[in-house]
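Notes to accompany the following structure.
The values are calculated or read from the model by the stated rules, or taken from the named source; none is laboratory data. If you're wondering where the values come from, they're calculated on a predicted model, not measured in any experiment. Here Cβ is always computed from backbone atoms with ideal geometry, including for glycine, and neighbour counts include all displayed protein chains. Side chains included, ligands, DNA and RNA excluded: accessible areas come from the protein's heavy atoms. Shrake-Rupley method; radii C 1.70, N 1.55, O 1.52, S 1.80 Å.
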Amino acid sequence: MPKQPPVNPLLGQNIPPAPGLNNEKPASGENDRTATEEKSKTVSEYNGKMVSGDSAKPLSEHKGKDVSRYNGKTVLGDNDSDVELGEKATIELSLYLRPSQDDKLEDLRRAYKRRVGKKISANEIMRRLIEHASLDDLF
Amino acid sequence: MPIYCLTSIKGGVTKTTTTVNIAHGLAQTGRRVLVIDADHQCNATLALLGGAQEAKAGTFYEVMMDRRPVSEVIQRTKFENLDIVPGSMWLSNANTTLASAFGRETILQKALENVSGYHYILIDTPPNTELITVNCWVASDHLVVPLTPSWFAMFGIRILEIQLADIQKQTGRTYSIFGVVIALDDHTSKSQTRMEQIREYFGAKVFTSVIPKNVKVEMATDEAEAIYNYAPGSTGANAYAQLVSEFIQRSEGGA
């Protein structure tokens, strides 16, 4: 039996979800320009499933996020321009990647940012790949 | 928005490591966290940003020396929910300049007034009792004291208590210790004895979770990664995860 990779130990701590912030926006200064792409993801357990990232909560529970317009569509999230309110991504799934695959995913995100000028999340990349994939791609 | 100051007179008791790992833990559980690196060694900055600038602009230096609001020097890190006010190496000489400044003990407190949007603010302090450290105490709501199970560290506590009593007289408010973190336990009988002494002295303030000496913790800090992702199966990651849980329970339990 293959050995399971160790999971984030915070998941086993039964930590309650973060309390609300009363829609306070974090103060941010001129140095926001130095912010790099987010890599480490929020971990939590939701509906009994181990989840990671912003998808840890359903869309309706994303408090304090900016709702803005992107390409004529309403989108949700700070720099997360991929979640469309009209087409919610609600299925939560945990995914194990090999380090090389994780690196490639990160490379794709960076390359997308360079070419398009907008960030793309790993979630959105996976969604697009699934949409474009056919059975032949698996052989 | 409680402000926690991780402080100890003794160096090398994992003030920075504990600050960074609690911050990562809180952030990974969905809490928005701001770390203020008040130590001129900038180790928290190195651990969260992966590097430190030699410039004074946009750092804690400007907060203390130019009375710039904290909100103007906050930087986002690559970690979700985790922001930082970077430290500055130039603060090593700041205490002399600050000595003659008006309202010198409350500079940070005032600079924090318009900061909002965080569940927690954690301040990493230098290992001394000089003006910058005093500013951190005055600006904070709670003190967290990391300790190693050693005689030197325990002696440092006595100095801290004397200094806090002095500041208490000057400012008219109490500076109670929110929690004591025992770190760098090497599982020797000597450590065990010291830990028992620490628990006897501080009672329930000592967190149940004890952070063991674990090389993975240091490696994660060196690589500017969160221990929970860098080495999730390590004893260090597990101990810090338990500490974060206890920290949240103690902090938010009555909320």
### Summary
Checked pairs for segment A:7-30, first at pLDDT below 60 and in a loop (DSSP other than H, G, I, E, B), second open to solvent by 70 Å² or more (accessible area, probe 1.4 Å) and of a type outside the set (Phe, Trp, Tyr), C-beta under 6 Å and 6 or more apart or across chains, list as A:Gly29/B:Glu72
### Query
Looking at (1) surrounded by 18 or more Cβ atoms within 10 Å (Cβ to Cβ); (2) on the phi > 0 side of the Ramachandran plot; (3) not aromatic (Phe, Trp, Tyr), which is the one condition that is false for B:Val73?
(2)
### Query
Quick check: is even one residue across segment B:63-70 open to solvent by 50 Å² or more (accessible area, probe 1.4 Å), of a type in the set (D, E, K, R), more than 30 Å from B:Asn229 (Cα to Cα) and at pLDDT below 95?
yes
### Task
Could you tell me whether segment B:118-133 includes any residue that is farther than 22 Å from A:Ala18 by Cα, outside any loop (DSSP other than H, G, I, E, B) and within 14 Å of chain A (Cβ to nearest Cβ)?
no
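Every residue, every condition in (1) modelled with pLDDT of 95 or more; (2) within 16 Å of B:Ala139 (Cβ to Cβ), yes or no:
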| position | (1), (2) |
| --- | --- |
| B:Pro2 | no, yes |
| B:Ile9 | no, no |
| B:Val13 | no, no |
| B:Asn21 | yes, no |
| B:Thr29 | no, no |
| B:Val35 | yes, yes |
| B:Cys42 | no, no |
| B:Ala47 | no, no |
### Task
Output the number of residues of segment A:101-129 satisfying the condition of being more than 16 Å from the chain's Cα centre (by Cα), exposed (fewer than 11 other Cβ atoms within 10 Å of the Cβ) and on the phi < 0 side of the Ramachandran plot.
3
### Query
Can you tell which of B:Thr133, B:Thr125, B:Thr97, B:Thr129 is within 15 Å of the chain's Cα centre (by Cα) and more than 29 Å from B:Ala224 (Cβ to Cβ)?
B:Thr129
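Is it the case, given these coordinates, that B:Ile198 is open to solvent by less than 10 Å² (accessible area, probe 1.4 Å), more than 27 Å from B:Pro86 (Cα to Cα), away from chain A (no Cβ under 14 Å) and out of contact with any Gly (no Cβ under 6 Å at 6 or more places or on another chain)? Before you say what the answer is, go through the steps one by one.
Numbers: open to solvent by less than 10 Å² (accessible area, probe 1.4 Å): yes; more than 27 Å from B:Pro86 (Cα to Cα): yes; away from chain A (no Cβ under 14 Å): yes; out of contact with any Gly (no Cβ under 6 Å at 6 or more places or on another chain): yes.
When the stated conditions are applied, B:Ile198 passes them.
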### Summary
Here, helices (runs of 4 or more DSSP H) confined to segment B:172-231 with at least 1 residues that are more than 26 Å from B:Ile162 (Cα to Cα), acidic (Asp, Glu) and under 19 Å from the mean Cα position of the chain (by Cα) are B:215-222
#### Entry: Every residue from segment A:13-23 that is open to solvent by less than 70 Å² (accessible area, probe 1.4 Å) and under 15 Å from B:Leu243 (Cβ atoms)
A:Gln13, A:Ile15
### Message
Based on this model, can you work out whether B:Tyr175 counts as among the aromatic types (Phe, Trp, Tyr), open to solvent by 70 Å² or more (accessible area, probe 1.4 Å) and either without any contact (Cβ under 8 Å) to a residue 60 or more places away in the chain or away from every other protein chain (no Cβ under 14 Å) (or both)?
### Response
no
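Inspect all residues belonging to segment B:41-57 and state whether any of them is of a type in the set (Gly, Ala, Ser), under 17 Å from the mean Cα position of the chain (by Cα) and more than 24 Å from B:Ala239 (Cα to Cα). Full working, then the answer.
Filtering segment B:41-57 down to residues of a type in the set (Gly, Ala, Ser) leaves B:44, B:47, B:50-52, B:55, B:57.
After this cut, where a residue has to be under 17 Å from the mean Cα position of the chain (by Cα) as well, the list is B:44, B:47.
So of that shortlist, the ones also more than 24 Å from B:Ala239 (Cα to Cα) come out as none.
For segment B:41-57, residues of a type in the set (Gly, Ala, Ser), under 17 Å from the mean Cα position of the chain (by Cα) and more than 24 Å from B:Ala239 (Cα to Cα): absent.
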### Query
With B:Glu113, B:Glu161, B:Glu130 as the choices, which residue is open to solvent by 10 Å² or more (accessible area, probe 1.4 Å), among the charged types (D, E, K, R) and closer than 21 Å to B:His40 by Cβ?
B:Glu130
## Note on the structure
Scanning segment B:220-236 for residues that are open to solvent by less than 70 Å² (accessible area, probe 1.4 Å) and more than 10 Å from chain A (Cβ to nearest Cβ) gives B:Ala220, B:Thr221, B:Ala224
### Task
Can you confirm whether segment B:29-43 contains a residue that is free of Cβ contacts under 8 Å to residues at least 40 places away in the same chain, facing another protein chain (nearest Cβ under 7 Å) and open to solvent by less than 20 Å² (accessible area, probe 1.4 Å)?
no
#### Entry: Count - residues of segment B:237-250 that are in contact (Cβ under 8 Å) with a residue 60 or more places away in the chain, more than 7 Å from every other protein chain (Cβ to nearest Cβ) and more than 16 Å from B:Leu122 (Cβ to Cβ)
0
### Tally, over segment B:203-235, of residues that are within 27 Å of B:Lys78 (Cβ to Cβ) and hydrophobic (A, V, I, L, M, F, W, C)
9
### Task
State whether one or more residues within segment B:74-97 are within 10 Å of chain A (Cβ to nearest Cβ), of a type in the set (S, T, N, Q), touching a Lys or Arg at 6+ places or on another chain (Cβ under 9 Å) and in a loop (DSSP other than H, G, I, E, B).
yes
### Task
Run B:Thr16 past the list (1) open to solvent by less than 10 Å² (accessible area, probe 1.4 Å); (2) among the polar types (S, T, N, Q); (3) in a helix (DSSP H, G or I); (4) within 23 Å of B:Gln163 (Cβ to Cβ) and report the number of the one that doesn't hold.
(1)
